[in-house]
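Heads up: the structure comes next, in structure tokens.
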Ligand code: ATP
Ligand code: MN
């Protein structure tokens, strides 16, 4: 099994990572970590790239600290529209499911944030949205 775990560094994507970790351990599933640099047309800047690297590193380290084999984790950085990139990465990498937060950096203003909404609307891959109150 292969899981796509799109992360934005919010508390909600941390929770999604804990769910992915648990599923990965149970099913020996590979995790593809993805951060999308939403640079809205402008060129990708060095600091954005460094921030993305750091974020992926922190998530990888915390999963390895929690007992996941580092060889099970792949990290990817893409730029562009987050939802489009999540959908495309899922298809290109043949993932079985996407595990993501229902919310992100902006918080709880709607039922889901716009990235999750757009992924749910357009993805052909199964999406597991982790509710903000889910207790793992
Ligand atoms: P909005 O962005 O619409 O203001 P929000 O920030 O609260 O709302 P979303 O952006 O939809 O909510 O975030 C929901 C989930 O989508 C996050 O928990 C994360 O899993 C994923 N996500 C959001 N932005 C990115 C990104 N740039 N790269 C990778 N994953 C992302
Ligand atoms: Mn967001």
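The values are calculated or read from the model by the stated rules, or taken from the named source; none is laboratory data. Every value quoted in this text rests on a predicted model; they were computed, and no experiment measured them. Cβ: placed from backbone, ideal geometry, glycine included. Neighbour counts: every protein chain shown.
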Point to revise | Options 129, 51; residue that is assigned to a strand (DSSP E or B) and within 12 Å of ligand 1 (Cβ to nearest atom) | key: 129
Study note, to complete from the structure: Filtering the range 2-13 down to residues that are farther than 17 Å from residue 95 by Cβ and either buried (at least 16 other Cβ atoms within 10 Å of the Cβ) or more than 10 Å from ligand 1 (Cβ to nearest atom) (or both) yields 8, 9, 10, 12
Check your understanding: Would you call residue 119 part of a helix (DSSP H, G or I), under 18 Å from residue 31 (Cβ atoms) and in contact with a helix residue (DSSP H, G or I) (Cβ under 9 Å, 6 or more places away or on another chain)?
Key -> yes
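Evaluate the following for residue 136: is it away from ligand 2 (no atom under 16 Å from the Cβ), farther than 13 Å from residue 13 by Cβ and at pLDDT below 95?
Numbers: away from ligand 2 (no atom under 16 Å from the Cβ): yes; farther than 13 Å from residue 13 by Cβ: yes; at pLDDT below 95: yes.
Yes: the conditions hold for residue 136.
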Exercise for review: Output the residues belonging to the range 14-50 that are more than 13 Å from ligand 2 (Cβ to nearest atom), surrounded by 15 or more Cβ atoms within 10 Å (Cβ to Cβ) and under 13 Å from residue 77 (Cβ atoms).
Suggested key: 32, 33, 34, 48
Practice item. Could you tell me which numbered condition residue 71 fails, if it satisfies all but one of (1) in contact with a helix residue (DSSP H, G or I) (Cβ under 6 Å, 6 or more places away or on another chain); (2) under 15 Å from residue 31 (Cα atoms)? Key: (1)
Review point. Say we look at the range 117-136 and pick out the residues that are touching a residue at least 24 places away in the same chain (Cβ under 8 Å) and touching a strand residue (DSSP E or B) at 6+ places or on another chain (Cβ under 7 Å); which of these is surrounded by the fewest Cβ atoms within 10 Å (Cβ to Cβ)?
Key: 126
Review point. Taking the range 79-114 as the search range and keeping residues that are away from ligand 2 (no atom under 13 Å from the Cβ) and modelled with pLDDT under 95, which one is surrounded by the fewest Cβ atoms within 10 Å (Cβ to Cβ)?
Key: 111
